1. Kindly provide the set of residues from region 86-102 that are closer than 19 Å to residue 60 by Cβ, surrounded by 13 or more Cβ atoms within 10 Å (Cβ to Cβ) and among the polar types (S, T, N, Q), ordered by number.
2. Quick check on this structure: which one of 7, 61 is surrounded by 10 or more Cβ atoms within 10 Å (Cβ to Cβ), over 27 Å from residue 104 (Cβ atoms), out of contact with any Phe, Trp or Tyr (no Cβ under 7 Å at 6 or more places or on another chain) and modelled with pLDDT under 90?
3. Surrounded by 17 or more Cβ atoms within 10 Å (Cβ to Cβ) and either over 20 Å from residue 20 (Cβ atoms) or modelled with pLDDT of 90 or more (or both), is that true of residue 75?
4. Please work out which residue is modelled with the highest pLDDT, limiting yourself to region 13-43 and to residues that are charged (D, E, K, R) and exposed (fewer than 13 other Cβ atoms within 10 Å of the Cβ).
5. Answer with yes or no whether residue 87 is at pLDDT 85 or above, under 18 Å from the mean Cα position of the chain (by Cα), under 22 Å from residue 21 (Cβ atoms) and not in a strand (DSSP E or B).
6. For region 31-69, which positions are of a type in the set (D, E, K, R), part of a strand (DSSP E or B) and within 11 Å of residue 95 (Cα to Cα)?
7. Against the condition outside any loop (DSSP other than H, G, I, E, B), in contact with a strand residue (DSSP E or B) (Cβ under 7 Å, 6 or more places away or on another chain) and among the aliphatic types (A, V, I, L, M), how does residue 72 come out, does it pass?
Amino acid sequence: MHLDSLGALVRSRVYRVRRREPRYVSSFPVVLQRFLRFGPFVTRGLTLDISMRGTSALVCGAPRVGETVTIAMSLSGAPFEMLATVRHSTDAKSGFEFYPLSALADRRIQDWMRDLKKHEETLFPYPYASGAKVGSD
């Protein structure tokens, strides 16, 4: 809680995070190409999560916020590349927002997420699903 200018107690504001796209926890290798003054610089990393709009990753050498990079990844054995902007970056992790995806990249990421969702549902089934089926007889 905080006090307003009159000294009366004011209720804390509720902070809600709304994402445009669902994120899926997923770890796979990526190759990050940065375009520096002395030429292109390639580094490797590992994703932490992915969505249709971006990804976060652990990369060797933190890129600068606002920098445009090329991210190469291989989903289901099929490699592809995409452009992204660095949205946040620390020594621990970096967040990337994809530029509009090509049809190939869009399809591969959607297929990957659909497979992840199916896998999650088998690992963590809805606990009341079987009870709902029994009670509806």
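The values are calculated or read from the model by the stated rules, or taken from the named source; none is laboratory data. Given the structure is predicted, the values throughout are model-derived calculations rather than measurements. Here the Cβ is made from the backbone with ideal geometry for all residues, glycine too, and neighbour counts use every protein chain on show.
1. Initial filter on region 86-102 (closer than 19 Å to residue 60 by Cβ): 86-96.
With the extra rule that they be surrounded by 13 or more Cβ atoms within 10 Å (Cβ to Cβ), the set shrinks to 86-87, 89, 93-96.
Hits for region 86-102 are 89, 94.
2. On the way: 7 fails: surrounded by 10 or more Cβ atoms within 10 Å (Cβ to Cβ).
It is 61.
3. On the way: surrounded by 17 or more Cβ atoms within 10 Å (Cβ to Cβ): yes; either over 20 Å from residue 20 (Cβ atoms) or modelled with pLDDT of 90 or more (or both): yes.
When the stated conditions are applied, residue 75 passes them.
4. Of the residues in region 13-43, the ones charged (D, E, K, R) are 13, 16, 18-21, 23, 34, 37.
Now restrict to residues that are exposed (fewer than 13 other Cβ atoms within 10 Å of the Cβ): 13, 16, 18-21, 37.
Details: 13: 53, 16: 54, 18: 63, 19: 64, 20: 73, 21: 75, 37: 83.
It comes out as 37.
5. Details: at pLDDT 85 or above: yes; under 18 Å from the mean Cα position of the chain (by Cα): yes; under 22 Å from residue 21 (Cβ atoms): yes; not in a strand (DSSP E or B): no.
Judged against the criteria, residue 87 is not a match.
6. The initial filter retains those residues of region 31-69 that are of a type in the set (D, E, K, R), namely 34, 37, 44, 49, 53, 64, 67.
Applying the additional criterion that residues be part of a strand (DSSP E or B) yields 34, 44, 49.
Result: 49, single match.
7. Working: outside any loop (DSSP other than H, G, I, E, B): yes; in contact with a strand residue (DSSP E or B) (Cβ under 7 Å, 6 or more places away or on another chain): yes; among the aliphatic types (A, V, I, L, M): yes.
Spelling it out, residue 72 is indeed outside any loop (DSSP other than H, G, I, E, B), in contact with a strand residue (DSSP E or B) (Cβ under 7 Å, 6 or more places away or on another chain) and among the aliphatic types (A, V, I, L, M).
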